[in-house]
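K.L.:
Once you've had a glance at the structure underneath, I'll fire off some questions.
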Amino acid sequence: MRSVVLLLLSVIVAAAASLPFFTTTAAGADEQHVVALTAKTFDDAVGKDKAALVEFYAPWCGHCKKLAPEFEKLGEAFKSNKDVLIAKVDCDDHKPLCSKFGVTGFPTIKWFPKGSLEPKDYSGGRTVDALVEFVNNEAGTRGKVTAAPSEVVVLTPANFDKIVLDTSKDVLVEFYAPWCGHCKSLAPIYEKVAAAYKGEKDVVIAKLDADAHGALGEKYGVSGYPTLKFFPKNNKDGEDYDTSRTLEGFVDFLNEKTGSSRTTTGGLNDNAGKVSSLDEIVSEFLSAKPEERSNILKKAEEEASKLEGAAAGYGKVYLKVLKSIIEKGDGYVKKEADRLSRLLSGSVNPNKVDEFTVKKNILSTILESDS
């Protein structure tokens, strides 16, 4: 029976992994850059020949999740340094160890000098720049953050039509001038928007120097900077973007206009993967007698065949899950959902985050339908 379960799970994972919406969402983060310590490995790694900055965290902690990408960048900044260790401890799994060092809230960050188990509390900023500065000051090192490559597509007259007027893409364009103060203020936010949507193959975040290429700016009615225009797949005349210029504002706008489900950090939100027409069939499936479910599965297959784009990929996951329920019983859904939740709360490979999130969301929807 165990071998059958593992085979079914591997089939679903393999099928989902081949779908186009399963892409990398982490901007170069590599979990190996931050060493995960346990009660058994802590004393061998800390207080020896390396100084250590250790994050004591809990998987369910919202502030910890927000800190995670910054801490990973910190780990990358010191990955080749022989004098500094960047590490973390899961306090849910290792409560006595965390209590030993007086950890009462999460995340708690402590600095352990070389050869010492008497830590110093870190109370500085929770950005990678602030963390790097602290480590360099304490350890006398020269670690530095390598800037991530920009995800904003640079437009010119040579590539504008090919990129912006592509009817298979939704394109947001910033018309800017290099000397414009408001453009400079917008730049870091716009970079984050582009990073958040790098996993969406049909969404492009772009910019055009309209000072250098005035004819294009004139063509689209640009009279001030920055001017933002959205060119959806079905309207290449362009629409004015006149809502909030915050990261949250851009993400809300793009999710609504493109049908995406991205968060401000590039992950997928709780709506990703859900298909309302299939959810209705799932409710019918769950309330049916076991012998009736095969016929309802055929109905779901017919509905899934009508879906397009990312929704078509989501439909395949729905079908695989329903087939597994028929073969394994209703208990499969909760077991698999719990497994994915545990994986997502831990050190999951960035390449798998979208895949697991979509599956978890679909399974959660099925659990809600069955409650």
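The values are calculated or read from the model by the stated rules, or taken from the named source; none is laboratory data. Computed from a predicted structure; not experimentally measured. FYI the Cβ positions are ideal-geometry reconstructions off the backbone, even for glycines, and counts take in every protein chain you see. These area figures cover heavy atoms from the full protein model, side chains too; ligands, DNA and RNA do not enter into them. Shrake-Rupley method; radii C 1.70, N 1.55, O 1.52, S 1.80 Å.
K.L.:
Checking the cross-link filter: which lysines have an alpha carbon closer than 23 Å to that of Lys48, excluding same-chain neighbours under 8 positions apart?
P.N.:
Leaving aside lysines fewer than 8 places away in the same chain, those within reach of Lys48 are Lys40, Lys79, Lys82, Lys88, Lys95, Lys100, Lys110, Lys114, Lys120.
K.L.:
Which of Ala58, Ala87, Ala187 ends up with the largest GNM mean-square fluctuation for the chain, with Cα atoms connected below 10 Å?
P.N.:
Ala187
K.L.:
Step by step: find N for the chain, compute 2.2 N^0.38 Å, then divide the Cα radius of gyration by it. What's the final number?
P.N.:
Rounded to two decimals, the normalised Rg is 1.17.
K.L.:
At 1.4 Å probe size, what's the solvent-accessible area of Thr127? Round to the nearest 10 Å².
P.N.:
Ignoring ligands and nucleic acids, Thr127 comes out at about 70 Å².
K.L.:
Students often check this: by mean Cβ neighbours within 10 Å, which of 297-310, 265-278 ranks highest, and how do the rest follow?
P.N.:
The densest-packed peptide leads the list: 265-278, 297-310.
K.L.:
Across the range 326-341, in residue order, what do the Karplus-derived ³J(HN,Hα) couplings come to in whole Hz, using 6.51 cos²θ - 1.76 cosθ + 1.60 with θ = phi - 60° and x for Gly and Pro?
P.N.:
Per residue, the Karplus-derived 3J(HN,Hα) values read 4, 7, 10, x, 5, x, 4, 4, 5, 4, 6, 4, 5, 4, 5, 4 Hz.
K.L.:
Taking a virtual spin label 7 Å from the Cα of Lys184 along the C-beta vector, which residues in the range 202-232 bring their backbone nitrogen under 14 Å of it?
P.N.:
Under cut-off, by backbone N: 226.
K.L.:
Moving on to the next point. As a test of reading the structure, rank Tyr241, Tyr57 by solvent-accessible area (1.4 Å probe, protein chains only), most first.
P.N.:
Tyr57, Tyr241
K.L.:
Highest first, please rank the peptides 135-141, 326-332 by the mean number of other Cβ atoms sitting within 10 Å of their residues.
P.N.:
Descending packing order for the listed peptides: 135-141, 326-332.
K.L.:
At R0 = 22 Å, how high is the FRET efficiency between Lys40 and Ser345 if r is their beta carbon distance? Nearest 0.05 is fine.
P.N.:
In this case the efficiency is close to 0.55.
K.L.:
In addition: Could you give the spread of the C-alpha atoms of the range 24-140 along their three principal axes, from largest to smallest, in whole angstroms?
P.N.:
35, 33, 24 Å, listed from the longest principal axis down.
K.L.:
Let me ask something else about it. So the label point goes 7 Å from the Cα of Lys114 along Cα→C-beta, right? Which residues of the range 45-65 then have their backbone N under 16 Å from it?
P.N.:
Of the residues in the range 45-65, 45-53 have backbone N under 16 Å from the label point off Lys114.
K.L.:
Let me ask another. Any chance you could check the Cα centroid distance between the range 193-225 and the range 226-249 for me, in angstrom?
P.N.:
9
K.L.:
Which entries of Lys50/Lys192; Lys323/Lys360; Lys198/Lys236; Lys201/Lys299 show an alpha-carbon separation above 26 angstrom in the structure shown?
P.N.:
The pairs that break the limit, which is 26 Å between Cα atoms, are Lys50/Lys192; Lys201/Lys299.
K.L.:
Which whole-Hz couplings ³J(HN,Hα) result when phi for each residue of the range 34-41 is put into the Karplus expression 6.51 cos²θ - 1.76 cosθ + 1.60, θ = phi - 60°, listed in order with x for Gly and Pro?
P.N.:
10, 7, 7, 9, 10, 4, 7, 9
K.L.:
For the chain, with all protein chains present and a 1.4 Å probe, just round the carbon and sulfur fraction of the accessible area to a whole percent.
P.N.:
It is 50 percent, rounded to a whole number.
K.L.:
Moving to a separate point now. State in Å² the accessible area per residue of the chain; use a 1.4 Å probe, count heavy atoms of protein chains only, and round to the nearest integer.
P.N.:
Result: 51 Å² of accessible area for each residue.
K.L.:
Which of the lysines could be linked to Lys229 by a straight reach, that is with a Cα gap under 16 Å, when you skip same-chain ones fewer than 8 residues away?
P.N.:
Lys229 reaches Lys169, Lys207, Lys219, Lys257.
K.L.:
Tell me what the chain gives for mean residue ellipticity at 222 nm when only DSSP H runs of n ≥ 4 count, each as -39,500 (n - 2.57), the sum divided by the residue total, rounded to 500 deg cm²/dmol.
P.N.:
Roughly -14000 deg cm²/dmol at 222 nm, from the helical runs in the chain.
K.L.:
Take Lys316, project a point 7 Å from its Cα along the Cβ direction, then tell me which residues of the range 263-298 have their backbone nitrogen under 17 Å from it.
P.N.:
273-275
K.L.:
Largest first and to the nearest Å, give the Cα extent of the range 125-199 along each principal axis.
P.N.:
If we take the Cα atoms of the range 125-199, the spans are 53, 30, 21 Å.
K.L.:
Of Phe231, Phe134, which has the most accessible area and how do the rest follow, probe 1.4 Å?
P.N.:
Phe134, Phe231
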